[in-house]
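Laboratory data are not the source of any read-out in this text; all were calculated from the coordinates shown. Computed from a prediction, not measured in an experiment: that's the story for all the values here. Cβ coordinates were reconstructed from backbone atoms using ideal geometry, including for glycine residues, and neighbour counts include every protein chain displayed.
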Amino acid sequence: MRVVADIPNPNVKITLHSYNGKYILKLEKANLEQIYKIEESEVMGDEGAIALLDEEFIEAVVNRFVDMRDAFVSTVRRNG
């Protein structure tokens, strides 16, 4: 897997990879991660993949991280 770019963002760590005909967007916050796989044919090169990271998408990702963390904390409280 080849690292294409580390994309600066104040809220999450974003890495764009290329592997086996796909772009892989890896977004990380603390001990959580989200991965999105995009066929290389669906975007116009590296810049096309990076362009997917607009404000609305990043906001949705951050909100999803909050939901993921809440779900994990809840299960630890119930079962830990």
So which residues in the stretch 36-58 are under 13 Å from V4 (Cβ atoms), exposed (fewer than 14 other Cβ atoms within 10 Å of the Cβ) and in contact with a strand residue (DSSP E or B) (Cβ under 9 Å, 6 or more places away or on another chain)? G48
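Yes/no matrix, rows are residues, columns are (1) of a type in the set (S, T, N, Q); (2) in contact with an Asp or Glu (Cβ under 8 Å, 6 or more places away or on another chain); (3) free of Cβ contacts under 8 Å to residues at least 12 places away in the same chain:
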| position | (1), (2), (3) |
| --- | --- |
| M1 | no, no, no |
| Y23 | no, yes, no |
| K29 | no, no, no |
| E40 | no, no, no |
| E55 | no, no, yes |
| F65 | no, no, no |
The stretch 8-38, residues that are aliphatic (A, V, I, L, M), over 19 Å from D67 (Cα atoms) and within 11 Å of the chain's Cα centre (by Cα): L16, I24, L25
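Residues checked against (1) in contact with a Leu (Cβ under 6 Å, 6 or more places away or on another chain); (2) of a type outside the set (K, R); (3) in a strand (DSSP E or B):
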| position | (1), (2), (3) |
| --- | --- |
| I14 | yes, yes, yes |
| K26 | no, no, yes |
| I38 | no, yes, yes |
| E59 | no, yes, no |
| N63 | no, yes, no |
| F72 | no, yes, no |
| V76 | no, yes, no |
